[in-house]
Amino acid sequence: MKFTCIPGRFALATLALMLLAPAASAETIRCPVSQIQSEVTTNLPNGWWNTPIANSLTDTRIITFSGGRKALQCVYGPAGSIQRYAPEGDCRAVRGGFECAARATPGPTYSTGEVQLRQTYQVNFDNGSIGSNGADLWFQAETASLLYLTPINGARIGVGNRSNRGRDGCASARMTTSRVSLSDVPVGSYVCMKTNEGRISQFRLNNVSGGSPKTLTIGYTTWR
């Protein structure tokens, strides 16, 4: 079976922010065509023929091969799919393509680790401790379903596009003191913080427990 690319409005477009300064770059990778056509290439007996299948783009996915290497896959329904290897960094599938963020310069680490943040408890990202003493983030619960990530004690939060922005990306991120609904931060999201001691921090939501009350598993890094 072979694929024939049919040019369309989803032409390949790459938008790159070059590393002119030590900050994370971002890239949008579009699926290169809006439609593909597949057909049988096997030699057939006389009197037999194949009707090619043409189909428009239906989905985008990130797939992982054995060995851990990832690829960006554009799916075209019954016509099949096309793919390319993913660039270094973190990518997520979006409508019509992919958004990828290069790995940022790590910078000197002040504190890093994983914490279990139970519902109604607070965490200090300057040292990873759980409790109210100097905490930066409160896992607030108004009801069993209305759950929030609330910056406290002067800390600030920046959700952005939920990609891995690193120290420099978070340093330039838009921050707020307003609480964020947990529903806006799905598992796998990266969130920037500025601690109440003025340090740049980033955490990843690794897991949300089932049932109620809930516990968040959070991996974080705070830089000097």
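Rundown of residues vs (1) surrounded by 22 or more Cβ atoms within 10 Å (Cβ to Cβ); (2) within 17 Å of the chain's Cα centre (by Cα); (3) on the phi > 0 side of the Ramachandran plot, yes/no style:
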{"residue": "Gly160", "(1), (2), (3)": "no, yes, yes"}
{"residue": "Ser189", "(1), (2), (3)": "no, yes, no"}
{"residue": "Met193", "(1), (2), (3)": "yes, yes, no"}
{"residue": "Gly198", "(1), (2), (3)": "no, no, yes"}
{"residue": "Val208", "(1), (2), (3)": "no, yes, no"}
{"residue": "Gly219", "(1), (2), (3)": "no, yes, no"}
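Given the residues Ser201, Ser163, Ser132, which is the only one that is more than 30 Å from Arg61 (Cβ to Cβ) and in a loop (DSSP other than H, G, I, E, B)?
Ser132 is the lone residue from the list that is more than 30 Å from Arg61 (Cβ to Cβ) and in a loop (DSSP other than H, G, I, E, B).
Mind listing whichever residues of region 106-149 are crowded, with 17+ Cβ neighbours inside 10 Å and in contact with a helix residue (DSSP H, G or I) (Cβ under 7 Å, 6 or more places away or on another chain)?
Leu147, Tyr148, Leu149
So which residues in region 139-175 are among the hydroxyl-bearing types (Ser, Thr, Tyr) and free of Cβ contacts under 8 Å to residues at least 24 places away in the same chain, if there are any at all?
Answer for region 139-175, where residues must be among the hydroxyl-bearing types (Ser, Thr, Tyr) and free of Cβ contacts under 8 Å to residues at least 24 places away in the same chain: Thr143, Ser145.
Collect the residues in region 55-73 that are at pLDDT 95 or above, more than 14 Å from Ala86 (Cα to Cα) and out of contact with any helix residue (DSSP H, G or I) (no Cβ under 6 Å at 6 or more places or on another chain), keeping them in residue-number order.
Scanning region 55-73 gives Ser56, Leu57, Asp59.
How many residues does region 64-81 contain that are out of contact with any Leu (no Cβ under 9 Å at 6 or more places or on another chain), in contact (Cβ under 8 Å) with a residue 40 or more places away in the chain and surrounded by 18 or more Cβ atoms within 10 Å (Cβ to Cβ)?
Here the count works out to 2.
Is one or more of the residues making up region 197-216 among the polar types (S, T, N, Q) and free of Cβ contacts under 8 Å to residues at least 12 places away in the same chain?
Yes, region 197-216 contains at least one residue that is among the polar types (S, T, N, Q) and free of Cβ contacts under 8 Å to residues at least 12 places away in the same chain.
The values are calculated or read from the model by the stated rules, or taken from the named source; none is laboratory data. Just so it is clear, the model here is predicted, and its values are computed rather than measured. Because the Cβ atoms are built from the backbone with ideal geometry, glycine has one as well, and the counts that use them run over all protein chains shown.
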